[in-house]
Amino acid sequence: MLIEAHPAAGDHRDRDRSQRPFRVVTVASNKGGVGKTTVATNLAVYLRALHESLPILILGLDEQNTLDRMFALDRATYPHTIATALRTGDLAAAVRLGQYGIHYVPSSPEVTELKREIDDPRHLQRILLATDRSGIVIIDTKADVEILTRNAILASDLTLVLVTDHASLIEAQRIFELLNKWHLPRERARILLSMVDRRIKYRDAESQDVLGLLISEIRSLGYPLFESFLSRSAKVESLLTNPERRAFSILHGAPNSLVGLQMRHLAEDVMAMLTPATTSPSTSAPEAPAGRGWSAA
Ligand SMILES: Nc1ncnc2c1ncn2[C@@H]1O[C@H](COP(=O)(O)OP(=O)(O)OP(=O)(O)O)[C@@H](O)[C@H]1O
Ligand SMILES: [Mg+2]
């Protein structure tokens, strides 16, 4: 039975969040194809590039294998995957070292079967707490707000809610409603405008392009919004389809492009949002042992 009680309703478990030696960022949208996986994977790469000693772990809660295509060092298949980790509660056994020094959890087509097996939205949070992690954990989700995505959002310090158009903005509401139901602050999620095509202009409207239009609608809805946004770029699309059958990061394939600059800004913004929890005196965590603290400082 799905636990419908307010799972983190301001209780002590949620306050303990600031004591964790790691931070969790989820990328979510109830709409497909809005750039979740692109943002999650490239955020991992850019955070790592900006803070070379910061441990980064990325995992995906859908059946696609882009994470493996970007991060795996070989083409082997591994017995421990995200599906076995969620099933057994042992995430550490599945974590592998990948490209750019980023750790990843091999994906699995079986992960969606877990939707029928897991009914507790705190399941992933418990697994993460039981895993000896520091640094940042990035979670890519499927285009839904079902139980696995809920697990990711509830485990997260920050959820990036991707919006590309009106339809995805309407869907974004579902994530803010979920936080509301759990009595969590809406600042726990933040809209990121993704795949914005600024060639879309409006002649007679107050907002002259699609970026302006979406920003004004998001402001009127009162949702937190990243100042950074990501433009639509043909170069980004090409990084996923190439003769090597690898998925290349923006930093690798288009470092000096506009999207490359935007990804860097996004990584800086995300880092700044995660950092105050350890620097503010009122919420600061005790000093983490050398080499184990999550902070890049
Ligand atoms: N900024 C961008 N500019 C152009 N194409 C992009 C951009 N971001 C992502 N894409 C492309 O859009 C497609 C969907 O991106 P992606 O797989 O990241 O979306 P998603 O939200 O994870 O999709 P799904 O819901 O299927 O998991 C991919 O082909 C990707 O290369
Ligand atoms: Mg995806």
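The values are calculated or read from the model by the stated rules, or taken from the named source; none is laboratory data. Treat the numbers as computed from the prediction; the structure is a model and nothing was measured. All Cβ positions, glycine included, derive from the backbone under ideal geometry; neighbour counts span all protein chains shown. To get the accessible areas, we keep the full protein, side chains included, count just its heavy atoms, and leave off ligands, DNA and RNA. Shrake-Rupley method; radii C 1.70, N 1.55, O 1.52, S 1.80 Å.
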Check T141: other-chain or 5+ apart residues with amide H under 5 Å from its amide H, H built from backbone geometry?
-> V27, L61
Computed over the chain, protein heavy atoms only, probe 1.4 angstrom, the accessible area per residue in square angstrom equals 47 Å²
Over 31 Å (Cα to Cα) - which of K181/K235; K36/K115; K201/K235 fall in this group = K181/K235
What is the extension gain from S238 to A272, computed as 0.36 nm multiplied by their sequence separation minus the C-alpha to C-alpha distance, in nm to one decimal?
-> 9.2 nm
Please state the charge dipole magnitude for segment 20-273, taken about the Cα centre, from unit charges on C-beta atoms (+1 on K and R, -1 on D and E), reported in debye and rounded to the nearest 20.
-> 200 debye
³J(HN,Hα), Karplus 6.51/-1.76/1.60, whole Hz, each residue of segment 222-231, x for Gly, Pro = x, 7, x, 9, 5, 5, 6, 9, 10, 7
Counting sequence-distant residues (5 or more places) and residues on other chains, those with an amide H built under 5 Å from that of L225 are I191
³J(HN,Hα), Karplus 6.51/-1.76/1.60, whole Hz, each residue of segment 243-255, x for Gly, Pro = x, 6, 6, 9, 9, 9, 7, 5, 5, 7, x, 8, x
Ranking I127, G260, I200 by how far each Cα lies towards the positive end of the charge dipole of segment 20-273 (+1 on Lys and Arg Cβ, -1 on Asp and Glu Cβ), the top one is G260
Roughly to the nearest percent, how much of the accessible area of segment 133-249 is carbon and sulfur, given a 1.4 Å probe?
-> 48 percent
Where is the GNM fluctuation largest for the chain (alpha-carbon springs, 10 angstrom cutoff): E237, E113, E206?
-> E206
Carbon plus sulfur fraction of accessible area for segment 45-115, probe 1.4 Å, in percent | 50 percent
Residue among S228, A189, L148 farthest towards the positive dipole end of the chain, charges placed on Cβ | S228
How much accessible surface does T37 have with a 1.4 Å probe, in Å² rounded to 10?
-> 30 Å²
Could you tell me the distance between the Cα centroids of segment 188-264 and segment 137-169, to the nearest Å?
-> 17 Å
